[in-house]
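Written out below as structure tokens is the structure these notes cover.
The values are calculated or read from the model by the stated rules, or taken from the named source; none is laboratory data. What you see is a predicted model; the values in this text were computed from it and never measured. Virtual Cβ from ideal backbone geometry, glycine too; neighbours counted across all protein chains shown. With ligands, DNA and RNA removed, areas are computed over all heavy atoms of the protein, side chains included. Shrake-Rupley method; radii C 1.70, N 1.55, O 1.52, S 1.80 Å.
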Amino acid sequence: MSKYFDGWPHVIESQQFSREWLEREFLPLGDEMQVIFEQGGCDILHGKKMVSFFYKPSTRTRMSFQMAMEYLGGRTVFATENAREFSSARKGETLSDTIKVISRYRPDVIVIRYDFELGAKFASEVSTVPILNAGDREPGQHPTQALLDWRTIYKRRGAIDGLRIAMVGDLKNGRTVRSLCYLLGKFKGVIIDFISPPEMIMGSDVKAYLSRHGVGFTESTDLREIAPHVGAIYQTRTQAECGAALDRNDHELGYFTVDAEIVMAMKKDAIIMHPLPRVDEIATEVDSDPRAVYLTEQIDSGLVTRMALLDMILVPDS
Amino acid sequence: MSKYFDGWPHVIESQQFSREWLEREFLPLGDEMQVIFEQGGCDILHGKKMVSFFYKPSTRTRMSFQMAMEYLGGRTVFATENAREFSSARKGETLSDTIKVISRYRPDVIVIRYDFELGAKFASEVSTVPILNAGDREPGQHPTQALLDWRTIYKRRGAIDGLRIAMVGDLKNGRTVRSLCYLLGKFKGVIIDFISPPEMIMGSDVKAYLSRHGVGFTESTDLREIAPHVGAIYQTRTQAECGAALDRNDHELGYFTVDAEIVMAMKKDAIIMHPLPRVDEIATEVDSDPRAVYLTEQIDSGLVTRMALLDMILVPDS
Amino acid sequence: MSKYFDGWPHVIESQQFSREWLEREFLPLGDEMQVIFEQGGCDILHGKKMVSFFYKPSTRTRMSFQMAMEYLGGRTVFATENAREFSSARKGETLSDTIKVISRYRPDVIVIRYDFELGAKFASEVSTVPILNAGDREPGQHPTQALLDWRTIYKRRGAIDGLRIAMVGDLKNGRTVRSLCYLLGKFKGVIIDFISPPEMIMGSDVKAYLSRHGVGFTESTDLREIAPHVGAIYQTRTQAECGAALDRNDHELGYFTVDAEIVMAMKKDAIIMHPLPRVDEIATEVDSDPRAVYLTEQIDSGLVTRMALLDMILVPDS
């Protein structure tokens, strides 16, 4: 494990991964995992125990982590889908005490979605067991989502260098776009077009990071102008639970929605991504377009990415 | 599998099962499952993965599906007990997107209880994985309950033809009686006595079905008059969560309650059924009567029925 | 199994355990379990099925039971983290019906936390499967917590006879201190110093029991006076969910808080215990003191204790 993470066994934020790791370790291991998945699984994690501790709702992330563990022969030995209400957190226990106790039972890995920013990072500082961040509260990070998004783009295009990608929607609160930006900053010639209502623009922390790493970016408010020029559109959901809302008329909404008109304008080899859940920011008429990968390759990549991470962290000397 | 379901691997509604399948496939396979259960289980579904996705509360159905999977050597790899609150449904994701994503992880079967009618049917149309309907929202269907009820009656009586059965309570909202009616419509000489307050009578869709299939039925309001004449009483709970209520005086309530007086009037070889949970519509003094099967044979039949369905769907060429 | 429990396979309340059982059976078996835990587990409960049925929130207890089952090779085949809301309890089903149904599926053991006092005891009277009480509603009992606490003290001191222990906090509602008192009543020369606000004093039922069993006790309101004299401080949390509240000024709160000043006054070989979750009744500055066992030895003892109980109950002739 140490050869991948340099003695840091936790997955907390996108910045921790190097370009070398992404291309030389993560990518080929993911391909191995894809084969194992297609063959119905293996037994390499037999006897390994995962604790799945979610303070916020999740379907995809929690299920794909648990599925990934199963496909590798390991087990989810304890899962809570709402730790905030049904664990001792409700009685006022601190995250530090909770993680110290869970660590003490010696599971092999703890997957955590915490409901405040930097929860996973803090957990990793008191844990004696590897922590996998399954998503901070927005804004924050969702590093395994960034890895699966990165892998999805790479597999379709064969490279990340020179990518031009539009990120659309609630960029202020969207942890997935934030985490993906941090990964893209490791590559050359990348241009990111941020498209959002003015009150939902990408945070200055991410933009400063991109500038430091030589990533060009634009900010605008109409996807229709940008769509013809990009290799990927990364659409996101308005984080209504963060108080955000797109209270606009239909015309204005058109600026941010992926529909048949947008798809028509896109390049033939571009792709359309979404971290899901999707509400109405991508019209269902788009789903069957071969460029749409949000219900297909992104999902597969999510499983394979989590299998690869579990394999790296839990298999001795792998 | 296909030899049972003719290429339709989902369990969605009672109508899909033929008399031949019930008697020649389901019944003997259930007996095999009973033996496996009594022997403590087998390993025939080793490596098979079940997803248990409940949008509404359940104890019995969810537990018996998960237990059935265990007794056959398979695993529940992901379970949610309240998908409406703790899954992405809360963020507005459609059932279609959710099922497409879950299918993509390639579990072997998805057990779903949806909180709107026809949810399971709709899920089966977008799923690439077999769907087992663990109960629609009322009114609607609960086909595995109907199968276990049918099997319970058959095992006690040795036949369904010629059965006279009283169905009692909230027939308007009760999905279990609805589903059982559809199954009984496959048999000859069946008479159903519907007994309910006037505002809770059986829906006309079911009654039309029964008429088309030659099943006689009566509608009345006092169980005490009917009890001496039937081979089975199928008591149900008032679906208070559907807005139904039996706001009556004690005398009137007596019309619909199974108590010692009713039991005394019943035939010696009749049976008393209830899908549970029971509130007070069957007095606990009835529980120890040998004709009461709701806490015994119906429970066993529920486990065995779900084992048989999982075996049929998941074992290659079984 | 019977050799341990004399034909009573349930774990319901502390009184059921004899001194002989504690010292000659439970203690050495716990040591065996500690070795198994450190070796990463065994397979002795292969194929055994546990149902984990919680009507109230829990992290530690539920997780340590499920972990204990895994370390012995058994499985949690069904778990609910909030049975009151998500099981048929919500529809009005009685505990009796619920337990009869669960028993009928023949799991090997049912772990239950019920939200009314004596729930587990009642469950054991209708169950055909061993019941493990994972905590009654306060006041009530939490026998597996008492066993793990007892074991923690024993392992540090080498004996219980002659122990002087301070129990601090909400003694009226605290089920853990109640259960521990019942166990300590089996030993000689024990003195318990109860320290609580006047409105939260220990119940007269427990005090009468202690008197009958020759256990001396004092009642006072300032931990600082008692701390220098005891071999153990057992700190507890105010059960805010029981309507209790420590609405006092900082000076008065000092009477009941374990902080650096208290620790300084304690004997060198004394220990500081807490059942967790902890809010602020033990200052975090105390955590690193070698006498603090609440985040270390008590946690380990909890796992080992539950492993020992599962082993006793589920392994034939062990």
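Structure values in brief
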read-out	value
Candidates C:R137, C:R104, C:R178: whichever shows maximal mean-square fluctuation once chain C is modelled as a Gaussian network with Cα springs under 10 Å	C:R104
Selection from C:M312, A:F65, C:L210, by position along the positive dipole direction of the protein assembly as shown (Cβ)	C:M312
Dipole magnitude (debye, nearest 20) for chain B, charges at Cβ of Lys, Arg, Asp, Glu	900
Residue-normalised accessible area of the protein assembly as shown, given per residue in Å² at a 1.4 Å probe	35
Accessible-area composition of the protein assembly as shown, carbon plus sulfur, in percent [1.4 Å probe]	50
Charge dipole magnitude, Cβ of K and R +1, D and E -1 - the stretch B:105-155, Cα centre, debye nearest 20	220
Exceeding the 26 Å Cα-Cα cut-off - candidates A:K49/A:K100; A:K100/C:K188; C:K188/C:K268; A:K188/A:K267	A:K100/C:K188
Cβ-placed point charges (K, R +1; D, E -1), dipole of the protein assembly as shown about Cα centre in debye, nearest 20	1240
Within chain B, helix-based [θ] at 222 nm, where runs of 4 or more DSSP H residues each add -39,500 (n - 2.57), nearest 500	-10500 deg cm²/dmol
Greater than 19 Å apart at Cα, pairs in A:K186/A:K207; A:K155/A:K186; A:K48/C:K155	A:K48/C:K155
Copies compared at A:H46 - label distances in nm, ascending, label defined 7 Å from Cα in the Cβ direction	1.0, 1.0
The stretch B:142-181 and the stretch C:117-181: distance between their alpha carbon centers, rounded to Å	46
The stretch C:188-203 - phi-based ³J(HN,Hα) in whole Hz, Karplus 6.51/-1.76/1.60, Gly and Pro as x	9, x, 7, 10, 10, 9, 7, 10, 7, x, x, 7, 10, 6, 4, x
Copies compared at C:G92 - label distances in nm, ascending, label defined 7 Å from Cα in the Cβ direction	3.8, 3.8
Eligible aspartates and glutamates near B:K56 by straight Cα distance, threshold 13 Å, same-chain separation 8 or greater	B:E81, B:E85, B:D115, B:E117, B:D136, B:E138, B:E241, C:E85
Accessible area that becomes buried as B packs against C, both chains, 1.4 Å probe, Å², nearest 100	2800
Backbone HN-Hα couplings from phi across the stretch A:13-23 [Karplus 6.51/-1.76/1.60, Hz, Gly and Pro as x]	8, 4, 4, 6, 9, 8, 4, 4, 4, 4, 7
Calculated label separations, B:D280, copies of the chain, 7 Å along the beta-carbon direction, nm	4.7, 4.7
Relative contact order computed over chain A (Cα-Cα under 8 Å; 6+ residues apart), in percent	19
